[in-house]
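S.K.: Have a look at the structure that comes next, please.
The values are calculated or read from the model by the stated rules, or taken from the named source; none is laboratory data. It should be emphasised that the depicted structure is a prediction, and the values quoted were computed from it without experimental measurement. Quick reminder, even Gly has a Cβ in these numbers, built from the backbone with ideal geometry, and neighbours come from all protein chains shown. Areas reflect the complete protein model, heavy atoms only, side chains present, ligands, DNA and RNA absent. Shrake-Rupley method; radii C 1.70, N 1.55, O 1.52, S 1.80 Å.
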Amino acid sequence: MSECIRTRHDGGVLEVVIDRPKANAIDLATSRALGLIFQNFRDDPELRVAIVTGGGEKFFCAGWDLKAAASGDAVDGDYGVGGFGGLQELRDLNKPIIAAVNGICCGGGLELALSADLIVAAEHASFALPEIRSGTVADAASIKLPKRIPYHIAMDMLLTGRWLDVHEAHRWGFVNEILPADRVMERAWELARLLESGPPLVYAAIKEIVREAEGSTFQTAMNKITKRQFATVDRLYSSEDQLEGARAFAEKRSPIWKGQ
């Protein structure tokens, strides 16, 4: 595993820190290592939530490592099982991901953050897609960003490469919370503990439905839910947790989720 990535887990929460001074940029080897980490997270039934952040106080992630590219890393090289950064193309990742943005978040770093389900950011964080200035395309962001924020704002970022401060990012809706720098990880862990205590089979169903419905009509997606054609929905509707939720509500107590 790459020495540039630090991980730790506590209970069902996995913390992943990209630590490649000075900009936490990602080369091919780091991307492949991240892919293996997130693949193992996906497949480990004991892990329920992941937090991804950057080392240090200045950068979350500057994206593609242009110095590595200049030394021979191909822009269309082998990024590993999850695509660039290990997340954005990882299939069947049905567990919550929290991005704790602790500084500059640009290019592929912003695409990595957009692969998360929740984004908490420091007051000094900033965001951009500067690929236009280096003569390349922000490929994943070109697909995702216009679906997440107003089209004209997304196109402004893609076409001009301009920077957004954290308050503008929050205003357009791709940052959930703004926090003092020394509170970002604390808040990320608070959210992770909340999600850890929730029903993992429901989370899985939510993530699959949201992901698959993106390319479907409303009625097509609804029919797949009601006919139990989503694997996660079928598993949920046949699970002990489904019955436990109903019993706990009827008995006016907190449910005990087993993920089965």
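S.K.: Does the stretch 72-85 contain at least one residue that is open to solvent by 10 Å² or more (accessible area, probe 1.4 Å) and β-branched (Val, Ile, Thr)?
M.R.: There is at least one residue in the stretch 72-85 that is open to solvent by 10 Å² or more (accessible area, probe 1.4 Å) and β-branched (Val, Ile, Thr).
S.K.: Just checking: which of the helices (runs of 4 or more DSSP H) contained wholly in the stretch 173-260 hold 3 or more residues that are over 21 Å from the mean Cα position of the chain (by Cα), closer than 26 Å to Gly12 by Cβ and without any contact (Cβ under 8 Å) to a residue 24 or more places away in the chain?
M.R.: On the way: elements: 184-196, 200-213, 218-226, 231-237, 240-250.
Of the helices (runs of 4 or more DSSP H) lying wholly inside the stretch 173-260, those with at least 3 residues that are over 21 Å from the mean Cα position of the chain (by Cα), closer than 26 Å to Gly12 by Cβ and without any contact (Cβ under 8 Å) to a residue 24 or more places away in the chain span 231-237, 240-250.
S.K.: Turning to a different aspect of this structure: Here are some residues: Ala29, Ala50. Which one is open to solvent by 10 Å² or more (accessible area, probe 1.4 Å) and of a type in the set (A, V, I, L, M, F, W, C)?
M.R.: Testing whether each residue is open to solvent by 10 Å² or more (accessible area, probe 1.4 Å) and of a type in the set (A, V, I, L, M, F, W, C) leaves just Ala29.
S.K.: Scanning the stretch 32-47 for residues that are open to solvent by 20 Å² or more (accessible area, probe 1.4 Å) and within 14 Å of the chain's Cα centre (by Cα), which turns out nearest to Leu93 (Cα to Cα)?
M.R.: Arg42
S.K.: Also, I was wondering about something else. Name, by its number, the condition in (1) open to solvent by less than 70 Å² (accessible area, probe 1.4 Å); (2) of a type in the set (A, V, I, L, M, F, W, C); (3) modelled with pLDDT under 95 that does not hold for Leu195.
M.R.: Among (1) open to solvent by less than 70 Å² (accessible area, probe 1.4 Å); (2) of a type in the set (A, V, I, L, M, F, W, C); (3) modelled with pLDDT under 95, Leu195 violates only (3).
S.K.: Restricting attention to the stretch 100-118, report how many residues are open to solvent by 10 Å² or more (accessible area, probe 1.4 Å) and closer than 15 Å to Trp189 by Cβ.
M.R.: Total satisfying the criteria: 3.
S.K.: Okay, next question. Could you please find all residues in the stretch 3-19 being closer than 18 Å to Asp65 by Cα and either small (Gly, Ala, Ser) or modelled with pLDDT under 95 (or both)? First the steps, then the outcome.
M.R.: Taking the stretch 3-19 and keeping what is closer than 18 Å to Asp65 by Cα, we get 3-5, 17-19.
Hits for the stretch 3-19 are Glu3, Cys4.
S.K.: Among the numbered criteria (1) buried (at least 17 other Cβ atoms within 10 Å of the Cβ); (2) more than 24 Å from Val52 (Cα to Cα); (3) β-branched (Val, Ile, Thr), which single criterion is violated by Thr220?
M.R.: (1)
S.K.: Okay, next question. Please work out if Asn94 is touching a residue at least 12 places away in the same chain (Cβ under 8 Å), farther than 17 Å from Ile26 by Cα and either open to solvent by 10 Å² or more (accessible area, probe 1.4 Å) or of a type outside the set (Val, Ile, Thr) (or both).
M.R.: When the stated conditions are applied, Asn94 passes them.
S.K.: For Ala169, state whether it is open to solvent by 60 Å² or more (accessible area, probe 1.4 Å), under 30 Å from Ile132 (Cβ atoms) and of a type outside the set (Phe, Trp, Tyr).
M.R.: no
S.K.: Being basic (Lys, Arg) and either within 13 Å of Leu112 (Cα to Cα) or open to solvent by 50 Å² or more (accessible area, probe 1.4 Å) (or both) is the filter here, so list the residues in the stretch 7-26 that pass it.
M.R.: Within the stretch 7-26, Arg8, Lys22 qualify.
S.K.: Now for a different question. What is the residue count in the stretch 187-235 for residues that are touching an Asp or Glu at 6+ places or on another chain (Cβ under 6 Å) and among the charged types (D, E, K, R)?
M.R.: Qualifying residue count, the stretch 187-235: 1.
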